[in-house]
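First the structure, in the form of structure tokens, and then the observations on it.
Quick note: the coordinates plus some simple rules give every number you see, no bench work behind them. The model shown is predicted, which means the values in this text are computed figures rather than measured ones. Cβ atoms come from the backbone with ideal geometry, glycine included; neighbour counts cover every protein chain shown.
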């Protein structure tokens, strides 16, 4: 039986894929769970229209990003994280965190998928590449280390347990 997947299904396919699965699997699991629907001509056309709309929106977003692409070239993005004495961070900085810092400091909205970087794990300057299509721009990420002493105080209070009174 041919079905159109409404959500990603492990070992079957991704959203909007048209797949040929066994009748029992479709009727007893996929369709009742809302993971798929029967692939009629009408449903297939609707999926094709949705894919076309999504492609157009993606193209528009990419074009807007390419226009502001030049603003990203050569800038310095600064982040502060807790590090040990050797300069190693206690928690790596992932592309999604870098994108948030870019948005806060430059007002540019960059998708984390465009960053060509591994998670940053050390204090210092790091070259980060943003690649859209065949164009690429590099900027510098400056990571400053904070000591354990200078880390932001947590709002939680730590209280010591009072010793229980002994009965005599």
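Results, tabulated for the structure shown:
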quantity: Virtual spin-label span in nm between residue 8 and residue 129, 7 Å along Cα→Cβ; calculated: 2.5
quantity: Antiparallel %, DSSP beta bridges [both residues in region 69-146], to 5; calculated: 65
quantity: Region 65-83-region 1-37 distance, computed between alpha-carbon centres (Å); calculated: 42
quantity: 76, 30 arranged by Cβ crowding within 10 Å, fewest neighbours leading; calculated: 76, 30
quantity: Cα extents of region 2-67 along the three principal axes, largest first (Å); calculated: 51, 25, 16
quantity: Kirkwood-Stokes translational diffusion coefficient of the chain, alpha-carbon pairs, 4 °C, 1.567 mPa s, µm²/s; calculated: 62
quantity: Relative exposure of 19, 131, 11, 53, judged by other C-beta atoms within 10 Å (fewest first); calculated: 11, 53, 131, 19
quantity: Theoretical FRET efficiency, 1/(1+(r/R0)^6), r = Cβ-Cβ of residue 142 and residue 52, R0 45 Å, to 0.05; calculated: 0.60
quantity: Theoretical FRET efficiency, 1/(1+(r/R0)^6), r = Cβ-Cβ of residue 67 and residue 97, R0 30 Å, to 0.05; calculated: 0.75
quantity: Proxy reagent accessibility, fewest Cβ within 10 Å first, across 108, 5, 65; calculated: 108, 65, 5
